[in-house]
Amino acid sequence: MNGPPDSGFVEVFLHPGDFHFGDAATRIVTLLGSCVSITVWHPRLLVGGMCHFMLPSRGVIPEGASYDGRYGDEAMKLLMGHIWRLDADPRQFQAKVFGGANMFPMQCQRNELNVGERNLEMALVLLERFEIPIKARHVGGDGHRKLMFDAWSGDVWLKHQPMTTAKGPAPC
């Protein structure tokens, strides 16, 4: 299917910390900076999801707490829960990874302070752990990204707006 379903589609906007999993009548949209989004899509089942996380991990999950989509490791567990409920093999899904920008390129940052890089590292580790192949990525750099993910085709439409400065980066 190249276009949206004849009966229309539902568009869901993700804020930081949100995730959504839907069928072939779903489009998921989000805006990213240093946050990372992972899309997962199954080409035969025509289902897929997207998460939008802000930080790699919160560490220890408080007793009795639910998974929190603001954290990469927990956002991935939310997506995996939907995959497992379908009784689907995660290796048959296709992943695409976006975001992880440095939102303060004019400032010299040690790697541990660059949350975008840390988010991206977490996304790649998680996809490897769950054996979901990465089919595309647009990561790092600086600036903002707008994403639209169509669950009927697996396509992700991207608009990237790099940050611009007249003076260039500050010397470190």
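Observations
- With both labels modelled 7 Å from their Cα along Cα-to-Cβ, the Ser7 to Ala24 distance reads 1.1 nm.
- In Hz, Karplus ³J(HN,Hα) per residue of region 20-28 (6.51, -1.76, 1.60; θ = phi - 60°; x = Gly, Pro): 8, 10, x, 9, 5, 9, 10, 10, 10
- Placing unit charges on the Cβ atoms only, positive for Lys and Arg and negative for Asp and Glu, gives region 1-145 a dipole magnitude near 240 debye about its Cα centre.
- For a straight C-alpha distance cut-off of 16 angstrom, the aspartates and glutamates reachable from Lys146 (same-chain residues fewer than eight places away being disregarded) are Glu11, Asp18, Asp155.
- Summarising the label geometry, the points placed 7 Å from Cα in the beta-carbon direction at Arg129 and Gln94 lie 2.5 nm from one another.
- Altogether, the Stokes-Einstein calculation at 20 °C and 1.002 mPa s, with the Kirkwood radius of region 1-94 over Cα pairs as Rh, returns a diffusion coefficient of 153 µm²/s.
- For peptides 18-26, 92-100, sequence by mean Cβ density within 10 Å, most packed first: 92-100, 18-26
- Computing FRET efficiency as 1/(1 + (r/R0)^6) for Val60 and Leu86, where r is the C-beta to C-beta distance and R0 is 22 Å, gives about 0.15.
- Viscosity 1.567 mPa s, temperature 4 °C, Stokes-Einstein D of region 10-161 from Kirkwood C-alpha radius, µm²/s: 85
- For Ser153, Ser37, order by how many other beta-carbon atoms lie within 10 Å, fewest first: Ser153, Ser37
Read-outs throughout are calculated quantities, based only on the coordinates presented, and are distinct from any laboratory measurement. If you're wondering where the values come from, they're calculated on a predicted model, not measured in any experiment. Methodologically, a virtual Cβ is constructed for each residue, glycine included, from the backbone with ideal geometry; neighbour enumeration extends over all protein chains shown.
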